[in-house]
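For reference, the structure is listed below as C-alpha cells.
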Amino acid sequence: MSATRFTYLGPEGTFTEAALRTLPEAATRELVPMVSVPAALDAVRNGEAAAALVPIENSVEGGVTATLDELASGEPLMIYREVLLPIAFALLVRPGTKLSDVKTVTGHPVAQPQVRNWLRTHLPDAVWESAASNADGARLVQEGRFDAAFAGEFAAATYGLEALVTEIHDAQNAETRFVLVGRPARPAAPTGADKTSVVLWLGDDHPGALLELLQEFAVRGVNLMLIQSRPTGEGIGNYCFAVDAEGHISDRRVSEALMGLRRTCPQIRFLGSYPRAGVALSEVRAARPGTSDGDFTEASDWLARCLDGRA
C-alpha cells in the first residue's frame, strides 16, 4: 500500500481538492486526482492509496449518492475524518466571453440545485449538461465543448479561464461535507464530539420495519444526524439506509444501539466513528438522563446484584 498517497475526486481544481488541502497531513502526501468517486475509493481498496477524500453530503442537495452507494457495497472501507467546506460557485468562461454568449453550461450534478435560481434569472435559455466534477466542467469549457462551467473560482487559473461572475449560490451558507476514507482499522479514540456512520438493511418488509430500527437509537438517547434511503439494486422497494448518529462506538448508548441493530438487521455495515468537523467539545449536548456511560454501568451493576441475590 502506498502510505504516502491520497486520492480525491478530480481533476485538479475541484472543491474536493480544496477540502483535502485543509487537512494538515495532506501537506506530506502525494495528492492524486481521480476521474470519479468509485475510482478514488477503488485506489484505496487496491492498495494504491492510503486514503481518499470524497464528497458525501451537501447542505442543499443532501447525500451524494455515488459516495453513499460505494461505501454501502464492495470491499468495506472506513471513514476516519470529515471536512466541511463552504461552497460558492463562479461562472467560468473562456477569456472574452460575455454573459450573452453563454448558451450551454455544465457542472457536477450536485451543483445544479445550488445555482438553479441564479440560472433561471440570469441564463434562462442556457442548456445544462452534467460533468463528472465541477473542475471537469471547467476543463470541458477550456476545450470548447461548453460555453461556461460552475466551479470554484480557484479553478479558473488551472484551466486558463476567467470568472465572469463570482459568489453564486441560491442558499446562503451552503457547505459540502467530505470524508477521508481508508481501509478498516481500529477507530480513533473518542474525542467527546464524535459521529458514527453505519449502513442498515431491513430484514423484511412489514409495517413499522423502519421504526423498529430507529427505536434502537431512540430508546438509548442516540440522536440521528442523517438518514437516507438508497436502493439495494435487488428490485423496487428494496432499500438500505445510510445513518449518521451522534457519538462514538465506544459510548455505551451507541454500542448498545448497534448491538440491538446487529441482532435484528440481516446486514449492518459499520463505516466508522470519527470527530465531528466544526464542533467544539463545549458545543456538544449532554447525554439525556439515563443514557450516559455512567447510567449504563449503574444499570449493569444493579442487574449483577439481582443475579447474585443482592438487589
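Where q = 0.09 Å⁻¹, what log10 of I(q)/I(0) comes from the Debye formula for the range 1-143, counting one point per Cα?
After summing over all Cα pairs, the log10 values are -0.31.
Rg over Rh of the chain, using C-alpha atoms and the Kirkwood radius, what does it come to?
1.05
What does the charge dipole of the range 156-206 about its Cα centre add up to, to the nearest 20 debye, if the Cβ of each Lys and Arg holds +1 and the Cβ of each Asp and Glu holds -1?
Computed charge dipole of the range 156-206: roughly 440 debye.
Could you pull out every residue, at least 5 positions away or on a different chain, whose amide H is within less than 5 Å of the one on residue 128? Hs are placed 1.01 Å off N in the peptide plane, and Pro or chain starts have none.
Result for residue 128 returns 105.
By the scheme Lys and Arg +1, Asp and Glu -1, what is the net charge of all other residues having a beta-carbon under 10 Å from that of residue 219?
0
Calculated FRET efficiency, residue 263 and residue 224, Cβ-Cβ r, R0 22 Å, to nearest 0.05?
My answer for the efficiency is 0.70.
According to a simple spin-label model (label point 7 Å from Cα along Cα-to-Cβ), what is the distance in nm between residue 120 and residue 170?
Placing both labels 7 Å along Cα→Cβ, they lie 0.7 nm apart.
For the chain, what is the mean residue ellipticity at 222 nm derived from helices alone (per DSSP H run of n ≥ 4: -39500 (n - 2.57); sum divided by total residues; nearest 500 deg cm²/dmol)?
Taking each H run of at least 4 residues, the total per residue is -8000 deg cm²/dmol.
Can you tell me the dipole magnitude for the chain around its Cα centre, using point charges on the Cβ only (Lys, Arg +1; Asp, Glu -1), in Debye to the nearest 20?
It works out to roughly 360 debye.
Taking a probe of 1.4 Å, how large is the accessible area per residue of the range 186-310, in Å²?
57 Å²
Go ahead and run the numbers for FRET between residue 104 and residue 288, Cβ-Cβ distance against an R0 of 45 Å, rounding to 0.05.
0.25
Charges at C-beta only: +1 for Lys and Arg, -1 for Asp and Glu. How large is the resulting dipole of the range 174-311 about its Cα centre, in Debye rounded to 20?
Computed about the Cα centre, the dipole is about 300 debye.
Tell me, what is the percent relative contact order of the chain, built from C-alpha pairs under 8 Å that lie six or more residues apart?
Worked out over the chain, it gives 20 percent.
Mind giving me the nanometre distance, one decimal, between the label points for residue 236 and residue 211, set 7 Å out from Cα along Cα→Cβ?
Simple spin-label model gives 2.5 nm for this pair.
If you filter the range 229-311 for trypsin sites (Lys or Arg not before Pro), then keep DSSP loop positions with at most 11 other Cβ within 10 Å, what is left?
Counting only loop positions with at most 11 other Cβ atoms within 10 Å, the trypsin sites (Lys or Arg not before Pro) in the range 229-311 are 285, 310.
How far is it, in nm, from the label point at residue 48 to the one at residue 305 when both lie 7 Å from their Cα along the line to the Cβ?
Output for this residue pair reads 6.1 nm.
Please report, largest first and rounded to whole Å, the three semi-axes of the ellipsoid equivalent to the range 186-310, where each semi-axis is the square root of five times an eigenvalue of the C-alpha gyration tensor.
Calculated on Cα positions only, the semi-axes equal 27, 21, 12 Å.
Which of 296, 307, 209 sits farthest toward the positive end of the charge dipole of the chain, with +1 on the Cβ of Lys and Arg and -1 on the Cβ of Asp and Glu?
After comparing all options, I get 307.
Regarding the range 130-243, what is the average projected area of its C-alpha convex hull, in nm²?
12.5 nm²
Share of the range 186-310's accessible area from carbon and sulfur, percent, 1.4 Å?
53 percent
Counting only DSSP beta bridges with both residues in the range 5-109, what percent are antiparallel, rounded to the nearest 5?
20 percent
If you line up the Cα atoms of the range 226-267 on their principal axes, what length do they span on each, largest first, in Å?
For the range 226-267, the Cα extents along the three principal axes come out at 36, 22, 9 Å.
The values are calculated or read from the model by the stated rules, or taken from the named source; none is laboratory data. Quantities reported herein were computed from a predicted structural model and do not represent experimental measurements. All Cβ positions, glycine included, derive from the backbone under ideal geometry; neighbour counts span all protein chains shown. Calculation scope for accessible area: heavy atoms of the full protein, side chains included, ligands and nucleic acids excluded. Shrake-Rupley method; radii C 1.70, N 1.55, O 1.52, S 1.80 Å.
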